[in-house]
Amino acid sequence: MNKFLLTICLSLVSYSTISQAQPQKLIYCPEQISCAQVDNKDSCKVVGDNGTWPVIEENGRVVKGIYKFKGATAGYQSSKYIDDLCLYSNFDSGFEKTLTSRDAEGQMEAYPERTNKWVLIGYNATCMSSAPADCPMTEKYELTLDAQSEEVSFKVNNIPLESNHLSINTDYALSKCGKAKTCRIDIEHIFTHHYNKYYPVGFVVIDLENRLNILQVNNISTDRYIINKKPNFNGIIVAKNFK
């Protein structure tokens, strides 16, 4: 009986260790782009995607048919804006025709820890393969804060941040939050016609020790604005509440 209990305990410890070692969510390029009409980019749709890559861009004339995945480019551990692109080609005409798809937010980076296909040069990464699984990406090493109104302010330690549209990396967060394990970012509505009075909208708690991951989103008042976490990305958007 004691041996049985020991086995169970060891299994639980092992499971816990494995769970903690798992990487954050990985994101992959779609397998194909299908174009229904010649010279009509709007007829092209990604195949095998969850909606992460909605922006399709053509390089030259669009041909009808299937464009197959051939690789990807992205930034790596950088706060600089570098497009994350999925690359596709079509040889039906005898010549290579190419398309790219990218996410609308530009918030992904290469994840070379899972594969040896990514080639890193500075903050840029390139992966050439016919299989999207060889080119995994993940959320950028940053947090994005977006507000749909100039009357919204983000504050840390009661000090407004420089803008209401920010991409924050770890160095920036530590400079504002200090060296605590977590940081609270308060969101306020500024009534400019009420002598710049501030009214609380809510707050966000981020993890300074784990890629600035969002731990909590709290709406205090939803009369005018509502705080939502962006789907698939480590970011929040403060939207006007048209209820």
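The values are calculated or read from the model by the stated rules, or taken from the named source; none is laboratory data. If you're wondering where the values come from, they're calculated on a predicted model, not measured in any experiment. Counting neighbours? That spans all protein chains shown, and the Cβs are built from the backbone with ideal geometry, glycine included. Heads up: the accessible areas ignore ligands, DNA and RNA and are worked out on the full protein's heavy atoms, side chains in. Shrake-Rupley method; radii C 1.70, N 1.55, O 1.52, S 1.80 Å.
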- Item | Given (1) at pLDDT below 75; (2) open to solvent by less than 80 Å² (accessible area, probe 1.4 Å); (3) of a type outside the set (A, V, I, L, M, F, W, C), index of the condition TYR15 fails | (2)
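Hey, among ASN196, ASN219, which residue is more than 30 Å from GLN77 (Cα to Cα) and at pLDDT 95 or above?
Criteria check complete, one pass: ASN219.
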- Query: Exactly one of (1) modelled with pLDDT of 90 or more; (2) closer than 14 Å to VAL201 by Cα; (3) buried (at least 18 other Cβ atoms within 10 Å of the Cβ) is unmet by ASN164. Its number?
  - Reply: (1)
- Only one of these is more than 23 Å from GLU188 (Cβ to Cβ) and hydrophobic (A, V, I, L, M, F, W, C): LEU143, LEU120. Name it. LEU120
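Condition first: outside any helix (DSSP H, G or I) and aromatic (Phe, Trp, Tyr). Now tell me which residues in the range 157-211 satisfy that. Please lay out each step first, then the result.
Filtering the range 157-211 down to residues outside any helix (DSSP H, G or I) leaves 157-169, 178-191, 195-211.
Of everything in the range 157-211, those that are outside any helix (DSSP H, G or I) and aromatic (Phe, Trp, Tyr) turn out to be PHE191, TYR195, TYR198, TYR199, PHE203.
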- Item | Selection status of ALA239, assigned to a loop (DSSP other than H, G, I, E, B), out of contact with any His (no Cβ under 9 Å at 6 or more places or on another chain) and touching a residue at least 24 places away in the same chain (Cβ under 8 Å) | no
